[in-house]
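Working notes, structure below.
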Amino acid sequence: MLKVQLKSTTPLTRCYSSQSSQSLLKTPLYDIHVKLGATMVPFAGYSMPVLYKDQSHIQSHHWTRNNCGVFDVSHMLQHRISGPGTTQFLEKITPTDFKSLKPFQSHLSVLLNQNGGVVDDTIITKHDDDSFYIVTNAGCREKDIAFIKNELKNFDNDNKINHENFEGTLLAIQGPKSQEIVSKFTNTPLNDLYFGNSRFIDLKGFGTDAKFHIARGGYTGEDGFEISIPDNKIGVDFFNALLEYDQIVKPIGLAARDSLRLEAGMCLYGHELNDDVTPIEASLNWLVSKSRRTPESANFNGASKILEQLNNPKSVTFKRVGLVSKGPSPRHGNKVFSAEEPTKEIGTICSGSPSPSLGGNVAQAFINKPYQKTGTKVKVEIRGKLRDAEVSKMPFYPTSYYKGN
């Protein structure tokens, strides 16, 4: 039987938090969302747009795939961490080799607890030796701050490492026309800025000589950028200026953000990742840098368990796989059963959605051995009935990252 307890710390589509609207935080772009007729929902402690007026979920999804969608991700937590020993510290709490990264390279990573479970997933950008910019999830805000603070206390007795988290406007500009749009607002070249890399750029027309951090990447599987603008007035003005190109740009909400990331086979914390799941069980073996897989180099939290799982695949009883199906869509928490023995429970759905790009449904699930092979037929319990599904490779929809020639 599946031994992991699914948790949902950041409910999504149709599963939003019931938190009181009076207690919700607001991003710097909140008033614009309301003015645009967005449906606002509680998400990760914030009031966030799920859909905008005159846009359906499917229209928003396809618009991002074909044009340029701009997402307000200002609820995400941004960090700066620097000082002697910072690289060594980050290699204690993550399985990533940051020494080998060049300045302004980014890496998807995970914060690990002592048992090898995932405290949160994160994008970490190396700016220089012992100087990094980090983005973590809003839904894990308090937990992440406490985790980093406690780990720092145990690691840095001389208080040489400076860690601060900061607020600001953070925009994800996604889709095949994202470079065309962003180029209109900067004199900085973008043609040689490839996926997984970042730099500081100017933003012309906003009365400032300041430079703003831009990273090539995102959460949709499409080409795109994430731009951090600490000055919220400039952030608001820039967001409004983007929307003036309404033949190419539209604001996009949480509904399409979720279906886009699902089609790209990406994890969502609280669904595919949690404190009880290791990167190996989450099928994220590649997050453990090859240079950190020896007993001498594996000094990160939970290393003994993670190395055992890497070196002895038989020790991994379940892992994350993709599923495709027709009919009602699988959702978080639905049970998965063997097609040959329909009373035998073999897994649990982490998240699922109708697929606007492909038709039918796509889902991610934790599945026990030996039912993880692509093409394996399974059953998913949905609304009291067993529905047919099939294990599938991920990503479900091809990614379009800008990696150069």
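The values are calculated or read from the model by the stated rules, or taken from the named source; none is laboratory data. For clarity, every value in this text was computed on a predicted model and none was experimentally measured. Methodologically, a virtual Cβ is constructed for each residue, glycine included, from the backbone with ideal geometry; neighbour enumeration extends over all protein chains shown. When the accessible area is computed, the model is the full protein with side chains, heavy atoms only, and any ligands, DNA or RNA have been set aside. Shrake-Rupley method; radii C 1.70, N 1.55, O 1.52, S 1.80 Å.
Observations, loosely collected:
- Each of N191 and S291 was given a label point 7 Å from its Cα along the Cα-to-Cβ line. The distance between the two points is 3.2 nm.
- Candidate aspartates and glutamates for bridging to K204, where Cα separation is under 12 Å - those fewer than 8 sequence places away on the same chain excluded: D237
- Between K102 and T343, the FRET efficiency estimated from the beta carbon spacing at R0 = 56 angstrom works out to 0.55.
- Label point distance in nm, T399-N150, each placed 7 Å from Cα along Cα→Cβ: 3.2
- Taken along the Cα-to-beta-carbon direction at a fixed 7 Å, the label points for L25 and A241 span 2.6 nm.
- Between F43 and M48, the built amide H atoms are under 5 Å apart, and every one of these is 5 or more places off in sequence or on another chain.
- Amide H to amide H distances under 5 Å link S351 with Q364, where only residues 5 or more positions off or on other chains count and H is placed in the peptide plane.
- On the beta carbon distance between K326 and D209, with R0 = 60 Å, the FRET formula returns roughly 0.60.
- Taking all protein chains together, Y402, Y194, Y46 sort by accessible area into Y194, Y402, Y46, largest first [probe 1.4 Å].
- Here the peptides 229-235, 363-369 are ranked by packing, the mean other Cβ count within 10 Å, and the order with the highest first is 363-369, 229-235.
- Backbone N within the stretch 24-50 under 13 Å of label point (7 Å from E167 Cα along the Cβ vector): 24-30, 46-47
- Think of it as helices only: each DSSP H run of n ≥ 4 in the chain is worth -39500 (n - 2.57), and spread over all residues that comes to -5500 deg cm²/dmol at 222 nm.
- The HN-Hα couplings worked out from phi for the stretch 198-203 by the Karplus form 6.51 cos²θ - 1.76 cosθ + 1.60 (θ = phi - 60°) are 8, 6, 9, 10, 7, 10 Hz, whole numbers, x standing for Gly and Pro.
- Area accessible to solvent at K149, 1.4 Å probe radius, in Å²: 150
- Charge dipole (debye, nearest 20) of the stretch 317-395; +1 at Cβ of Lys and Arg, -1 at Cβ of Asp and Glu: 100
- FRET E, pair K53, N159, Förster distance 60 Å, beta-carbon r, rounded to 0.05: 0.75
- Shape call, the stretch 21-88: gyration tensor on alpha carbons, a/c limit 1.5: oblate
- When each of K305/K403; K177/K233; K53/K233; K35/K177 is checked by Cα-Cα distance, pairs over 31 Å: K305/K403
- Ligands, DNA and RNA aside, L358 has an accessible area near 90 Å² when probed at 1.4 Å.
- Test item: Cα-centred dipole of the stretch 210-276, Lys/Arg +1 and Asp/Glu -1 on Cβ, debye: 260
- Summarising the strand pairing of the chain, around 95 percent of its internal DSSP beta bridges are antiparallel.
- This structure gives Cα Rg over 2.2 N^0.38 Å, computed directly, and of [x] 0.90; [y] 0.98; [z] 1.05 that value is listed as [y].
- Against the criterion of solvent-accessible heavy-atom surface with a 1.4 angstrom probe, I248, I201 sort, most first, into I248, I201.
- Residue-normalised accessible area of the chain, given per residue in Å² at a 1.4 Å probe: 43
- If you sort T94, T343 by accessible surface, 1.4 Å probe, largest first, the order is T343, T94.
- Listed by chain and number, the lysines whose alpha-carbon sits under 21 Å from that of K377, ignoring those within fewer than 8 places in the same chain, are K319, K326, K335, K344, K369, K385, K393.
- Label-reachable residues, the stretch 296-325, where backbone N falls under 17 Å from a point 7 Å from Q114's Cα toward its Cβ: 299-306
- Label zone (S357, point 7 Å along Cα-to-C-beta; backbone nitrogen cut-off 17 Å) within the stretch 363-405: 363-364, 392-403.
- The local environment of H75, defined by Cβ-Cβ distances under 11 Å, has a net charge of 0 under the rule Lys, Arg +1 and Asp, Glu -1.
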